Amino acid sequence: ARERAWGDDRLKFGLNMVTDLDGASEFNLGTSYLWQGLNSRGGELYARGQLGDTIDISAQFYQPLDLMSRFFVVPYLGYQDYEVFSIGPEFDVAEGLGNWRVRDWRADLAAGVNLRRRTQLRLGMRQVSGEYRVDFSSSDALSEDDYREGSAYGSVRYDGLDSLYFPTHGGFLFAEYEAVRDNLGADESFERWQAFGQAAFSFGADSANTVVVTARTGQSNGATSEPQNFY
């Protein structure tokens, strides 16, 4: 068999706007590029960039280790710049004192295994170097500082949806547990976890109607009350 001279590289563009119809809004413009078939084992480079209220620039290299693509490694490098409001656990929820811009660089190295066709497990190490700076404040109560995180994490991903963009049936689940430790380079030791799930149901004549249910949750246990740890 001879492989095609042209590949399945994909260039995509995206536009995102969120508003509460009461003056607050977010606007982002992004693009991504997937470069496939970089070597005989099917290595892939995925890069994305986003500008606007949330800045996100990242690249990762997915490298299968065997011909069946069961085992793989994924190095990752990214930069984030996003807004966090100061309604945290130490403030009155009814009183908004301002907001920060949280900026960080993060490097990640993970190894994993693909189980059957729909499930993936990963174990990895992560390093983060960042800062939070006051963007707007109505008082002097907001602080500014730098921070570092070093952690080990594990994640599971199950994808049984029949379509990436407009699913009509199936489910999706992603869950990650991360142990941030000072002996790995972090300022403080704590744990955090997050989970995201989605399910699609179709009903009616010829299954013409579809409902997609989405749920997301996360928590930091023992983390300092700083904006990079807020949910």
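Before moving on, here are some points about what is shown:
- Normalised Debye scattering of the chain at q = 0.08, 0.11, 0.14 Å⁻¹ gives log10 I(q)/I(0) of -0.39, -0.75, -1.18, counting only Cα atoms as equal scatterers and leaving out solvent.
- Highest-MSF residue in the chain out of THR217, THR19, THR31 [GNM, Cα springs under 10 Å]: THR19
- Rounded, prolate or oblate (a/c below 1.5 giving rounded, otherwise prolate when a/b exceeds b/c) for region 109-223 by Cα gyration tensor: oblate
- Relative to the Cα centre, the charge distribution of the chain, modelled as +1 at Lys and Arg Cβ and -1 at Asp and Glu Cβ, gives a dipole magnitude of about 1700 debye.
- Solvent-accessible surface of protein heavy atoms, probed at 1.4 angstrom with all chains present, puts PHE61, PHE72, PHE201, PHE13 in the order PHE13, PHE201, PHE61, PHE72, largest first.
- Each pair of Cα atoms in region 146-187 enters the Kirkwood radius, and Stokes-Einstein at 37 °C and 0.692 mPa s then converts it into a translational diffusion coefficient of 258 µm²/s.
- Excluding ligands, DNA and RNA, the accessible surface per residue across region 31-143 is 60 Å² with a 1.4 Å probe.
- In this structure, SER163 and TYR82 have a Cβ-Cβ separation that, at R0 = 41 Å, corresponds to a calculated FRET efficiency of about 0.90.
- Heavy-atom accessible area order for TYR147, TYR79, largest first, 1.4 Å probe: TYR79, TYR147
- Largest mean-square fluctuation among GLU188, GLU44, GLU144, in a Gaussian network model of the chain whose springs join Cα atoms under 10 Å apart, belongs to GLU144.
- Shape class for region 49-161, computed from the alpha carbon gyration tensor (a ≥ b ≥ c): prolate, with a/c not under 1.5 and a/b above b/c.
- Carbon + sulfur, % of accessible area of the chain - ligands and nucleic acids excluded, 1.4 Å: 56 percent
- The calculated Kirkwood hydrodynamic radius for region 158-210 is 13.8 Å, given to one decimal from all distinct C-alpha pairs.
The values are calculated or read from the model by the stated rules, or taken from the named source; none is laboratory data. The structure presented is a predicted model; accordingly, all values stated were derived computationally and were not measured. Please note: Cβ atoms are built from the backbone with ideal geometry, for glycine as well, and neighbour counts cover all protein chains shown. Side chains are part of the model used for accessible areas, which takes the heavy atoms of the whole protein and leaves out ligands, DNA and RNA. Shrake-Rupley method; radii C 1.70, N 1.55, O 1.52, S 1.80 Å.
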